[in-house]
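The values are calculated or read from the model by the stated rules, or taken from the named source; none is laboratory data. Keep in mind that what you see is a predicted model, and the values were worked out from it rather than measured. Here the Cβ positions follow ideal geometry from the backbone for every residue, glycine too, while neighbour counts run over all protein chains shown. Quick note on the areas: whole protein, heavy atoms, side chains included, nothing else; ligands and nucleic acids left out. Shrake-Rupley method; radii C 1.70, N 1.55, O 1.52, S 1.80 Å.
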Amino acid sequence: MSTTPTADDPNLQTTNSKAFAYTSTSLRYAVTHVFLPVQLPDKNDYTPENDHSLARGVCAAAHAYATHVCGTSEQARWHRITRMLDNLQVAVQSEHMDNDHVTSQLWKMQTGDILAFLIRRQNAAIILTKRESCTLCEAFEVSPHRDDIKNTPEPLICSYPGSAVETPNEVFDDGAFQSELTNFLSRPNAVDSDSPLLPSADPQYINALFNGILQSVGRAADVPRATKRTA
């Protein structure tokens, strides 16, 4: 039985701005992937350690900002965001998604809770938001395909999420459904850790197939979309 910690685990040491410190390597990785770097790396700079360090850095910033909304109307909402980020940084410690951890987080979801999962091998991500009567499931491509970037003379415009589906909670909360959802999300990440990471995998396995499966038990959702211009 897995003992992966969660954000609700009292034994988990939550990341904070005082406890977290970048190394020169992780700082360079953060600058490259969060900001526009002066010079792009000449090769794929991904490592699980770099990715986890970046996630921890985001958590540290979120917890530092939380002190500024304490006692305001935004406190409860920001608490849900920091919990989501804490769970995400626990999940990305390994290239392999822990089934027990995913199932536990799905089962514990309450109204207003948000979960995010990175499907690294498929270059895709999932965001789940629990509402009163349904759970909103959003999927999107994490990074544009390199051929799209090279073949587009103008800055590439990306829209997020790629798809969104509302699943009734009587379906989403069913144990059998959550078990199958966990298997679907974890299987693309179940790869040999020694195999090379593809620079940009095809997210259609998640974006299209996941969307089609959920629409069979739910319905397409009209959600606000964020647009990003890739330099």
Exercise for the section: With a 1.4 Å probe and every protein chain left in place, tell me how much accessible area Thr67 has, in Å² to the nearest 10. Expected result: 100 Å²
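Stretch Arg28-Ile149 to full length: gain in nm at 0.36 nm per residue minus the Cα-Cα span?
Values: separation 121, 0.36 × 121 = 43.56 nm, distance 2.25 nm.
So the extension gain works out to 41.3 nm.
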Problem - Approximate spin-label separation Ala66-Asp174, in nm, with each point projected 7 Å along Cα-to-Cβ - result: 3.5 nm
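Name the chymotrypsin sites (Phe, Trp or Tyr not before Pro) in region 21-120 that are in a loop by DSSP and that have at most 10 other C-beta atoms within 10 Å, would you? Walk me through the numbers on the way to the answer.
Working: sites: Tyr22, Tyr29, Phe35, Tyr46, Tyr65, Trp78, Trp107, Phe117; in loops: Tyr22, Phe35, Tyr46.
Loop-located and lightly packed - Phe35.
So which GluC sites (Glu not before Pro) in region 108-152 pass both tests, a DSSP loop state and at most 15 other Cβ atoms within 10 Å of the Cβ?
Values: sites: Glu132, Glu138, Glu141; in loops: Glu132.
Filter output for region 108-152: Glu132.
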Handout entry: Average Cα contact separation per residue, region 114-185, under 8 Å, 6 or more apart, as relative contact order %
Key = 26 percent
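Got a number for carbon plus sulfur as a percent of region 83-145's accessible area, 1.4 Å probe? Intermediate values should be presented prior to the final figure.
Details: 1220 of 2400 Å².
That fraction is 51 percent.
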Exercise for the section: Take the Cα of Tyr46, step 7 Å along the line toward its Cβ, and report every residue of region 201-222 whose backbone nitrogen sits under 12 Å from that point. Expected result: 201-203
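Quick one: ranking Met84, Met109 by accessible area, 1.4 Å probe, largest first, what do you get? Please report the intermediate quantities before stating the final value.
Numbers: Met84 35, Met109 10 Å².
My answer, sorted largest first, is Met84, Met109.
Over 18 Å, how big is the tail of the calculated P(r) for region 122-178, in percent of all Cα pairs? Walk me through the numbers on the way to the answer.
On the way: 776 of 1596 pairs.
When every Cα pair of region 122-178 is considered, 49 percent fall beyond 18 Å.
Just the accessible area per residue of region 117-159, please: how many Å² with a 1.4 Å probe?
Numbers: 2200 Å² over 43 residues.
Accessible area per residue, region 117-159: 51 Å².
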Handout entry: Two-decimal log10 I(q)/I(0) for region 18-116, as the Debye equation yields it once each C-alpha is a single scatterer, q = 0.10, 0.12, 0.23 Å⁻¹
Key = -0.35, -0.49, -1.20
